[in-house]
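K.L.:
Mind having a look at this structure? Questions to follow.
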C-alpha cells in the first residue's frame, strides 16, 4: 500500500549561513514498503524527518528526488488519486475550525473528500459516536479539550473512508488518560485491517500499536524490523528483572559490581530492578548469584524497542 524508494528532500537555507551551506537535508535516501493491513511505525527524535516524510506521502510536499507510491499511485504524478485514498491525522491543533461544531467540521471535510451528500451526515454521526463525541457533536470545537480535539482529528481522518491512514505524532501534548483512549481507538482500526503509517518518538506507543517499525535519525534509516523481534538486534544484551525483599535491598551495590553487569536500574514497581548484562553468557552466573542468596523473584528478557532505540539513536528526543 505504501512504496518508498530512495526518497530525498532538501530545504534551502537563508543565505550567508555561518556553516557555509545553502541547504539542509531532511530525508536522505529513505526506502521502505508497507503491506496492506499493516500498522507501520516511523520512529525517531524531533528533527529526524518524520513529518517531512508524511507530507510527501500525503502530497503536501514534493520530494527533491526519489519515488513514492500510495495505494498504487505516484504521489507526484497522480496526486488526485492519492488524496482520495488517504486520511491524515496531525498532532496538535491543525486542521480543525474552532468556531463551528464537531459535526460541521466533519461535514465540511467530508465534502472536500467528495463523500456523497446522502452519506455524509450518517457517516459523521457514526464517527462521532465511535470516538466518544456524540453527546458533544453540536458544540463549537473551541470548547473541546486537547484529548477531545484529537479524537475529532481521528474522525476527520476517517471521514473519507481511506485505504491508508497517516498518523503524525497523534498523541503529542495529550494527557495520559486521553492518550490511552486514543491508542485504544487506533487499536480498533488496526484490528479492522486498515493500513496505518504512524510517526512517533514514543516507544510505548509504537510497541503497543505497530507490526513493524523503522528507526530514523537525521533523515536516514537506521534499521527496519518487526516490532516483536527488534530486541534481537541486541540479543547479546539480555537483562534480568528482580524484586528484592525488605532485607535484600542492600544487595544492589554488590550486584552492580558483578562481572558482566553493566547497570542496575530501578523499575516502576516498588523494590524492583533491571540488571543489564554486557554480553551473551553473562546472565547465567548472575542468576546463580541471586539464587545463592535466596532471591527467586526473577525473570529474564531481551531488550525492548525503547532499549534498541536508545542504543542506536541515544536519548535525544526519546519519550517513554
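K.L.:
Can you name the residue in segment 297-320 that is touching a helix residue (DSSP H, G or I) at 6+ places or on another chain (Cβ under 8 Å) and more than 30 Å from residue 220 (Cβ to Cβ) and is also modelled with the highest pLDDT among such residues?
P.N.:
298
K.L.:
When you scan segment 55-89, how many residues do you find that are in contact with a helix residue (DSSP H, G or I) (Cβ under 7 Å, 6 or more places away or on another chain) and part of a strand (DSSP E or B)?
P.N.:
6
K.L.:
So, one more: For segment 267-281, which positions are modelled with pLDDT under 85 and under 33 Å from the mean Cα position of the chain (by Cα)?
P.N.:
First pass over segment 267-281, keeping only residues modelled with pLDDT under 85: 267-271, 274-281.
The answer is 267, 268, 269, 270, 271, 274, 275, 276, 277, 278, 279, 280.
K.L.:
Could I ask something else about it? Mind listing just one residue for me: the one in segment 151-164 that is free of Cβ contacts under 8 Å to residues at least 60 places away in the same chain and within 30 Å of residue 3 (Cβ to Cβ) and, of those, surrounded by the fewest Cβ atoms within 10 Å (Cβ to Cβ)?
P.N.:
Keep residues of segment 151-164 that are free of Cβ contacts under 8 Å to residues at least 60 places away in the same chain, which gives 151-152, 155, 161.
Checking the rest, the ones that are also within 30 Å of residue 3 (Cβ to Cβ) come to 155, 161.
Values: 155: 27, 161: 14.
Here the answer is 161.
Yes/no per residue for (1) buried (at least 16 other Cβ atoms within 10 Å of the Cβ); (2) under 22 Å from residue 62 (Cβ atoms); (3) touching a strand residue (DSSP E or B) at 6+ places or on another chain (Cβ under 7 Å):
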{"position": "77", "(1), (2), (3)": "no, yes, no"}
{"position": "91", "(1), (2), (3)": "yes, no, yes"}
{"position": "95", "(1), (2), (3)": "no, yes, no"}
{"position": "99", "(1), (2), (3)": "no, no, yes"}
{"position": "102", "(1), (2), (3)": "yes, no, no"}
{"position": "105", "(1), (2), (3)": "yes, no, no"}
{"position": "144", "(1), (2), (3)": "yes, no, no"}
{"position": "172", "(1), (2), (3)": "yes, no, no"}
{"position": "182", "(1), (2), (3)": "yes, no, no"}
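K.L.:
Take segment 244-281 and flag every residue that is touching a strand residue (DSSP E or B) at 6+ places or on another chain (Cβ under 8 Å), more than 24 Å from residue 228 (Cβ to Cβ) and in contact (Cβ under 8 Å) with a residue 40 or more places away in the chain.
P.N.:
244, 278
K.L.:
Follow-up question, since we're still on this one. Determine whether residue 167 is buried (at least 21 other Cβ atoms within 10 Å of the Cβ) and either outside the structural domain of residue 48 (by TED's automatic domain parsing) or closer than 22 Å to residue 107 by Cα (or both).
P.N.:
Details: buried (at least 21 other Cβ atoms within 10 Å of the Cβ): yes; either outside the structural domain of residue 48 (by TED's automatic domain parsing) or closer than 22 Å to residue 107 by Cα (or both): yes.
Yes: the conditions hold for residue 167.
K.L.:
Residues in segment 86-105 that are over 19 Å from residue 199 (Cβ atoms) and under 25 Å from the mean Cα position of the chain (by Cα): how many?
P.N.:
Going through segment 86-105, the residues over 19 Å from residue 199 (Cβ atoms) turn out to be 96-105.
Next, from what is left, pick out any that are under 25 Å from the mean Cα position of the chain (by Cα): 96.
Residues flagged as over 19 Å from residue 199 (Cβ atoms) and under 25 Å from the mean Cα position of the chain (by Cα) within segment 86-105 amount to 1.
K.L.:
Still on this structure, please answer the following. Which of the residues spanning segment 205-239 are at pLDDT below 75, within 23 Å of residue 37 (Cβ to Cβ) and surrounded by fewer than 18 Cβ atoms within 10 Å (Cβ to Cβ)?
P.N.:
228, 229
K.L.:
Now a separate question. Let me spell it out: the conditions are (1) under 19 Å from residue 105 (Cβ atoms); (2) at pLDDT 90 or above, and residue 198 meets all of them except one. Which number is the exception?
P.N.:
(1)
K.L.:
Kindly provide the set of residues from segment 126-142 that are surrounded by fewer than 19 Cβ atoms within 10 Å (Cβ to Cβ), under 28 Å from the mean Cα position of the chain (by Cα) and part of a helix (DSSP H, G or I), ordered by number.
P.N.:
Scanning segment 126-142 gives 126, 129, 130, 134, 142.
K.L.:
Within segment 24-33, can one find any residue that is at pLDDT 95 or above and surrounded by fewer than 15 Cβ atoms within 10 Å (Cβ to Cβ)?
P.N.:
The answer is yes, given that some residue of segment 24-33 is at pLDDT 95 or above and surrounded by fewer than 15 Cβ atoms within 10 Å (Cβ to Cβ).
K.L.:
For segment 123-139, state whether one or more residues are at pLDDT 90 or above, closer than 20 Å to residue 83 by Cβ and in contact with a strand residue (DSSP E or B) (Cβ under 8 Å, 6 or more places away or on another chain).
P.N.:
First, the residues of segment 123-139 that are at pLDDT 90 or above: 123-139.
Cutting the leftovers down to closer than 20 Å to residue 83 by Cβ gives us 123-124, 127.
Those still in the list that are in contact with a strand residue (DSSP E or B) (Cβ under 8 Å, 6 or more places away or on another chain) too: none.
No, the conditions are met nowhere in segment 123-139.
K.L.:
Continuing with the same structure: Give just the number: which of (1) touching a residue at least 60 places away in the same chain (Cβ under 8 Å); (2) not in a loop (DSSP other than H, G, I, E, B) does residue 123 not satisfy?
P.N.:
Among (1) touching a residue at least 60 places away in the same chain (Cβ under 8 Å); (2) not in a loop (DSSP other than H, G, I, E, B), residue 123 violates only (1).
K.L.:
Provide a single number: the residues in segment 171-210 that are under 29 Å from residue 65 (Cβ atoms) and under 11 Å from the mean Cα position of the chain (by Cα).
P.N.:
Within segment 171-210, the first condition is being under 29 Å from residue 65 (Cβ atoms), and the residues that meet it are 195-201, 206, 210.
Keeping just the survivors that are under 11 Å from the mean Cα position of the chain (by Cα) gives 196-201, 206, 210.
The number of residues fulfilling the criteria is 8.
The values are calculated or read from the model by the stated rules, or taken from the named source; none is laboratory data. Nothing here was measured: the structure is a model prediction, and the numbers come from that model. Backbone-built Cβ (ideal geometry, glycine too); neighbour counts: all protein chains shown.
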